[in-house]
Each structure stands twice: as structure tokens, then as C-alpha cells.
Amino acid sequence: MSILKIVRRFRVHEVFEKKCVVCGKKSPLISSILQVCVDCIRNRFSEAIKYIEKAHEKSRSMFGLPINPPNNENGIKCGLCGCNCKLGLGDVGYCGLVMNKDGKLVRISGGFEWGVLDWYYDPLPTNCVAEWFCPASTGIGYPKYAVKPGTEYGYYNLAVFYGSCSLDCLYCQNWQYRKYPSMARFRRVHVDELVKAADERVTCVCYFGGDPSSQIVHAVLTSRKILERAKNEKRIIRICWETNGQINPHVLNEVIRLSLVSGGIIKIDIKAWSSQVYYALTGHDNRLVIENVKKIAKFIKERPEVPLLTISLLLVPGYVDEYEIEGVCKFVAELNPEIPITFLAFHPDYLMDDLPPTSKRHMDNACKIAKQYGLKYIGIGNEWLLGNYY
């Protein structure tokens, strides 16, 4: 989306108020797709939920994806991500990439060695949520985890964009991933193709999307082979993850190990603090994410040179308000105040394209709250998007 389009939309939103169907409140910070304000989501959830579920039903049905994770009592459990799909005969998993065919789970891609994705070389320094402190941009961890004491100009990030997700964010800026399951045969990439792509120009690999969680085995297999190649060639490659954190706990240990040994960073986008707002925005529960963040945080001291974990929070106007920000900041501070946190500016996209961009005041308040809770490392992402109102 161009800056001009965002500005044009923002001008319209200055005067366009929507009405909460639960309490009757009017505000430009109420999303038309959700139809309910944040106060009703948190405090009158039983009344708001039918509108929330209607929004996610629209989002999923637009692309022919299952409305909810299948939960057949006699089904086969997938177990890769936090959806914990149990697929009965003929059922398709929430990600759209696995199905129960004749009593066996079959991956539409053709197997774990095949991912449904796109990949490309991203010149360093790249627009990464951790770019303000990562080895590629700053040289932190040199010479063990970085090839230069400063920015790794001339090198590349191998960006791996997975065409599936374990959430249904109504504001998703990469919403096009939802098309990938229907085009799986044209988007199949074998592990070995990515290993070959991780040549001497590449110093980091980042899995994002969509999200790597629903194709996590492919990412793990790829990472193992890439690190083996790097070891044989005596060079540095970091394994990084940009994820919603909905990773099955039995796979998370290997995700942690791969980043820990390589100097990589696990970047968790935590979405919201309250379970109600998280559900409204994503269609899912946030308990697994909280537990996974706690688990990753236990390994931070094992590699002090480069932060292992970072948290990001998208400041969605009207929904990720001070209450949500305080909850996230308090949680992170209690785990470890040295965990870097990045507040991301929102821009109108997908089904929440009628909200304005994050305001400067909203961002300033978020940073102020983070400081009040004693967080030591606070970053701002997409700062150029910040507006002057709301």
C-alpha cells in the first residue's frame, strides 16, 4: 500500500465514526468488521463474541479456509502448531495444508521436506523488527555471531515467507498468504532449494509469513541443513524466527536451540494482552504464546552476547490501548527487563482498513509505559506511518 493511499484513508477517517453494536458508543476507532469497541470486547465479551466470530468467518471463508481448527473427537491430531487440529476423515487443517485422507494425515505440499512458501534475498540491513539491535545491523556478537563489527553491508538475509498461518489476524499486512494453500502445487519449495540458496552471501535466515508455526518441521529441517553447511564452510549464518509464538511446545525446544547456537533471534509478535482482545483480533487464545515466551526467556542467560528473544506489539488504534500495553510491558518486565520490545505502528490493511494509522501520541504513551515498567530496550517500528490524531 502506498503512503498516499494511507494518507487519503486517514483523512476520511477523521470524520467517519462507527457505532458499537453492543453499547452504542460512536468512534472512528471502532472497526467496521468487528462492529464492537474494545471496552465491550473486554467487559461484555459474551455479547460481543457473536460479532467477533462473524468477522473471522468472513475472513476465512473468503479464501475457502476452515472457519475453526477441526476438533473431531475421533480425528487424527496434527500437533505442529497451537491450533492442535484433530482431523476427521476428509477434514482440512486450519492452515489449509494438511488433510485426513483415508485415515492418514497428508500434507498438500507432498511431505515435510516441501514447504508452501516464497523466498528471496533481502539486502542487509533489512527492515526487521530486531534490526535496531541485531548482529546484521549493529555487529553485536562479533566475531562469533557477526561477520563485521558494524553493519553487514554486502550480505543478505534469506527471507522465507511461509504461505500459511496459525492465526487469523483481521489487520494482517501479509494477508495474501491465505491464497497459498489453493496454489500449493505452484509454491512448493524443497528443503534443499533453501539450503542451496543459503550461499556465502547469506549471514542470516528469517522465517516469517504468514507464520512458520504451521510449517515448523520444514523450517527446522531446513535450518539444520543450513547450519551444517555453514559449519563445514566455516562461516556464520544466524537462524531467526518472526512468529506469533503459536508453536507447539514439543517443537519449541529445537527452535530455541537453532537460534541459540547460531546467534539468531526469536521475534514474538504478542498481538494483545487480554485474552478477549487477542481473540477478537486473531480468532484464537493467547495462553500458549504466553507460556512459550516464558520458556524462551529461561534461555536468555545462556547467550548474553546477542538477545535471544524480542517482543513486538502492533499498536492497533482503538484496540491495543493502554490497558493492553501495560499488560504486555508488565509481563515482559517481570520475565527480564532486558528483553528488547518494539512497538510497531499500524497501517490500515486487510479487513481493518477503516482504522487510522497509529498516532504519535499512541506511540509516545506506549514508550512511556514501557519505561515506567523498567524495560531497558525500547524500539519503534514503522515510525514513518505515525499520524497526528487519535
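Entry note, the stretch 85-189: relative contact order of 28 percent, from Cα contacts under 8 Å with a spacing of 6+ residues.
Between LYS58 and ASN388, the contour length at 0.36 nm per residue exceeds the Cα-Cα span by 115.6 nm. Put simply, when 156-168, 18-30 are sorted by average Cβ atoms within 10 angstrom per residue, most first, you get 156-168, 18-30.
Hey, with R₀ at 25 Å, roughly what FRET efficiency would LYS360 and GLU322 work out to, going by the Cβ-Cβ distance, to 0.05?
0.95
Got the relative contact order for the chain handy, in percent, Cα pairs under 8 Å and 6 or more residues apart?
On the way: 819 pairs, mean separation 57.4, N = 390.
So the answer I get is 15 percent.
What a 1.4 Å probe finds exposed on the chain is 50% carbon and sulfur by accessible area, rounded to a whole percent.
Of the trypsin sites (Lys or Arg not before Pro) found in the stretch 96-167, those that fall in a DSSP loop while having at most 16 other beta-carbon atoms within 10 Å are LYS144.
For the stretch 190-331, the fraction of C-alpha pairs more than 17 angstrom apart is 61%.
Take the residue pairs LYS26/LYS50; LYS144/LYS234; LYS148/LYS271; LYS271/LYS298; LYS25/LYS368; LYS144/LYS225 and return only those whose Cα atoms are more than 23 Å apart. Mind dumping the intermediate values first?
On the way: LYS26/LYS50 19 Å; LYS144/LYS234 11 Å; LYS148/LYS271 34 Å; LYS271/LYS298 21 Å; LYS25/LYS368 28 Å; LYS144/LYS225 20 Å.
From LYS26/LYS50; LYS144/LYS234; LYS148/LYS271; LYS271/LYS298; LYS25/LYS368; LYS144/LYS225, over 23 Å: LYS148/LYS271; LYS25/LYS368.
Each residue, SER46 and GLU291, gets one label point 7 Å from its Cα in the Cβ direction; the gap between the two is 2.7 nm.
Based on the mean of other beta carbon atoms within 10 Å per residue, what is the order of 218-228, 307-317, most packed first?
On the way: 218-228: 21.5, 307-317: 23.5.
Peptide ranking by packing, descending: 307-317, 218-228.
Placing R0 at 56 angstrom, the Cβ-Cβ distance between SER275 and GLU233 gives a FRET efficiency of 0.75 after rounding to 0.05. Here the relative contact order of the stretch 161-213, from alpha carbon pairs under 8 Å that lie six or more residues apart, stands at 67 percent. Could you please state, rounded to a whole Å, how far the C-alpha centre of the stretch 27-67 is from the C-alpha centre of the stretch 307-328? So the separation of the two Cα centres works out to 20 Å. The smallest convex shape that holds all Cα atoms of the stretch 341-390, its convex hull, gives 73 Å³ per residue.
Looking at the chain, the accessible area is 43 square angstrom per residue; that uses a 1.4 Å probe and ignores ligands, DNA and RNA.
The values are calculated or read from the model by the stated rules, or taken from the named source; none is laboratory data. Computed from a predicted structure; not experimentally measured. Note: ideal-geometry Cβ built from the backbone for every residue, glycine included; neighbour counts use all protein chains shown. For the accessible areas, the whole protein counts, side chains as well, though only heavy atoms, and no ligand, DNA or RNA atoms are used. Shrake-Rupley method; radii C 1.70, N 1.55, O 1.52, S 1.80 Å.
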